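S.K.: Sharing a structure here in C-alpha cells format.
The values are calculated or read from the model by the stated rules, or taken from the named source; none is laboratory data. Everything quoted here is computed from the prediction, not taken from an experiment. Ideal geometry is used to build each Cβ from the backbone, glycine not excepted, and the neighbour counts take in all protein chains shown. Accessible surface areas use protein heavy atoms only, side chains included; no ligands, DNA or RNA. Shrake-Rupley method; radii C 1.70, N 1.55, O 1.52, S 1.80 Å.
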Amino acid sequence: MGDTGFTTARFAKLNMPYIYDQVATRKNDEHWWTSNYDDYDLYLQAGSAGELGRRHGLEQIGFWRKLLDHPSYDAFWQQQAMIKS
C-alpha cells in the first residue's frame with residue numbers, strides 16, 4: 001500500500017520490457033530489444049528511465065505516457081487503486 005512503486009525509477013526500469021512487450025502492438029509481436037548482455041549497463045548508458053523509454057519509442061505507448069505524466073502516487077493513481085486507503 002502506498003507509493004512504494006513510485007519512490008524511484010526502479011518500477012519503470014524493471015517493467016519497461018513488460019510494458020513494451022504487452023502493448024507495443026495489437027498482435028503483441030514486437031519485443032523489447034537490447035544489445036547489452038547486462039541490463040544494468042543498458043540503464044547506465046541511458047542515464048534515466050525516461051531516456052531509456054525514449055530510445056525504445058515508449059512515448060508512443062499510452063501506459064508509458066501515463067507513467068511520465070504521473071510520476072508520483074497522485075490522485076490519478078489513487079483513483080485507479082483497487083484497495084482504497
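S.K.: Just to verify a number: FRET efficiency for Asp21 and Ala81, C-beta to C-beta distance, R0 = 22 Å, to 0.05?
M.R.: For Asp21 and Ala81, the calculated efficiency is 0.35.
S.K.: Assuming 0.36 nm per residue, please report the length gained on full extension of the stretch Tyr73 to Gln60 beyond their Cα-Cα distance.
M.R.: 2.5 nm
S.K.: Arrange the residues Ile83, Ile61 by how much accessible surface each exposes, largest first, with a 1.4 angstrom probe.
M.R.: Of Ile83, Ile61, the descending order of accessible area is Ile83, Ile61.
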